[in-house]
Amino acid sequence: MTSAAPRLPALLDALGQRAPRGMVLGLDRVREALAALGDPQESVPAVHVAGTNGKGSVCAMVESIARAAGLRTGLYTSPHLSRFAERIRVGGEPIDDAAFERALSAALERVPSPLTFFEALTVAAFVAFRDAGVDLAILEVGLGGRLDATNVIAAPLCTAITSIAFDHQALLGPTLADIAREKAGILKPGAPAVLGPLDPEADAAVEAAAQAAGAGPRLRVTRAEHGGRAGEIAVGRGGPGARATRVAAPGRRAIEVELGLRGAHQAENAGVACGVAWQLAGPWPEVERALPAGLAAARWPGRLERIEAGAAHVLLDCAHNPHGAQALAAWLDEEGPGAARTSLVFGALSDKGWGEMLQTLAPRAQRRFYVTPKGRAAAPLEALCAIAPGEPIGDPGAAVARAIEVAAPGELVVVAGSIYLVGEVRSTLLGIASDPIVTL
């Protein structure tokens, strides 16, 4: 903390005390709070992104593209890996202490009714973006969409839904169609929507919701090497054996670029980001010209992020549900060193699909070390061992140290299963001071 923000530690402590209330869906408290603060959300042009997986990566890509075009950007994402301030970024950097103090004090002290942890940070983000005079805010949905605290933007420039898979069924519903309807709640009258590849059941539910909302034209991302029909964004390889990704749509100049974010699944996320950027090129023509540079420069910590640790390489990935584990497994199969040269440090929260995740990842590692992520209840170590034999260590730091100790030179240590686990390990490996881990 800096001397310019003497109250920030107390404000962050007060914020953390609201976490035990959990995730309370609904918009009334947020709207009331924003009205009391002059409705800052109405003064900031915004892009709104939902999805089970990939929404953070798409937000990072869109923000990088906009910044490459010379726009002053605001980026709101969740959760953080090390510091609360990572959730609210201005110009590509976490908000500074003085600005964070002003925004957070407004959200905690100048509103009519107490807000939840996530609601307070959402309100603080809108205040911070208004005060910073950003040209464009990119907002990641926290959970679902329809009743998420971010869903107070009446007229977004563009909306996007990256993917729909089973997650948070207790809150969003038991079927893909139920989950799709909740995520489609961000669609707004007249606002164009970009959709990643969706299961037919989910796509039908999103389309019905879009028509009911009077949403603008839909652009759908599809896997194809060339071209694409009207309303489609085709993504594929840039050429035989090339690492580049090609993104094309009718009436648009095709983009070929080696993405800054790794993994084959990022091609589809890049397609969504391009679709959003093409919509932004209406008010800002320079955005389209900045597409290649922005996609190449995009970074998103904790997503297939490699950190050198002695003789071994540590790969951090925030795969925290079965869909994310499948994407990580696909990268390991295509670009990893093979199971004989890979170790897995795995831990997950008990309300995630940890059994399916581990069944996907375990065959891709010769050694497995099981841990208990901090936060709410974690998957039992003995249950993890029952699925795939491994060492039940518990402490994430000790497990990573053990995995590095027994690794041969050049071996890969994969850390996955929980975003909170990745954040804790990343902070330790990089020597980053961390705020308390908060789970909702």
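Among the residues of segment 338-361, those that are of a type outside the set (Ser, Thr, Tyr), in a helix (DSSP H, G or I) and without any contact (Cβ under 8 Å) to a residue 60 or more places away in the chain comprise ALA339, ALA340, GLY355, GLU356, LEU358, GLN359, LEU361.
Of the residues making up segment 87-128, those that are acidic (Asp, Glu), open to solvent by 10 Å² or more (accessible area, probe 1.4 Å) and touching a helix residue (DSSP H, G or I) at 6+ places or on another chain (Cβ under 6 Å) are ASP97, GLU101. Restricted to segment 2-86, the set of helices (runs of 4 or more DSSP H) holding at least 1 residues that are open to solvent by 20 Å² or more (accessible area, probe 1.4 Å) and touching a Ser or Thr at 6+ places or on another chain (Cβ under 9 Å) comprises 28-36, 55-68.
Contact annotation: residue pairs with Cβ atoms under 8 Å, 6 or more positions apart or on different chains, pairing a residue in segment 72-89 that is of a type in the set (Asp, Glu) with a partner that is modelled with pLDDT of 95 or more, are GLU86/THR77; GLU86/PRO94. For segment 338-378, the set of residues classified as closer than 18 Å to LEU81 by Cα and open to solvent by 30 Å² or more (accessible area, probe 1.4 Å) consists of THR372, LYS374, GLY375, ARG376, listed by residue number. Tell me which residues, restricted to segment 314-337, are without any contact (Cβ under 8 Å) to a residue 60 or more places away in the chain and open to solvent by less than 10 Å² (accessible area, probe 1.4 Å). Selection gives ALA329 alone.
Each row is one residue, and each column tells you yes or no for (1) in contact (Cβ under 8 Å) with a residue 60 or more places away in the chain; (2) open to solvent by less than 30 Å² (accessible area, probe 1.4 Å); (3) out of contact with any Pro (no Cβ under 8 Å at 6 or more places or on another chain); (4) basic (Lys, Arg).
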residue	(1), (2), (3), (4)
ARG130	yes, no, no, yes
CYS158	yes, yes, no, no
HIS168	no, no, yes, no
ALA202	no, yes, yes, no
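Annotation note: of GLU288, GLU258, GLU305, the sole residue that is more than 30 Å from PRO409 (Cα to Cα) and either surrounded by fewer than 23 Cβ atoms within 10 Å (Cβ to Cβ) or at pLDDT 95 or above (or both) is GLU288.
Filtered by the rule that a residue be of a type outside the set (A, V, I, L, M) and surrounded by fewer than 19 Cβ atoms within 10 Å (Cβ to Cβ), segment 239-255 gives GLY239, PRO240, GLY241, ARG243, PRO250, GLY251, ARG252, ARG253.
The values are calculated or read from the model by the stated rules, or taken from the named source; none is laboratory data. Bear in mind that the values here come from a model prediction, so they are computed numbers and not experimental data. As a convention, Cβ positions derive from the backbone with ideal geometry for all residues, glycine included, and neighbour counts pool all protein chains shown. Surface areas here come from the heavy atoms of the whole protein model, side chains and all, with no ligands, DNA or RNA. Shrake-Rupley method; radii C 1.70, N 1.55, O 1.52, S 1.80 Å.
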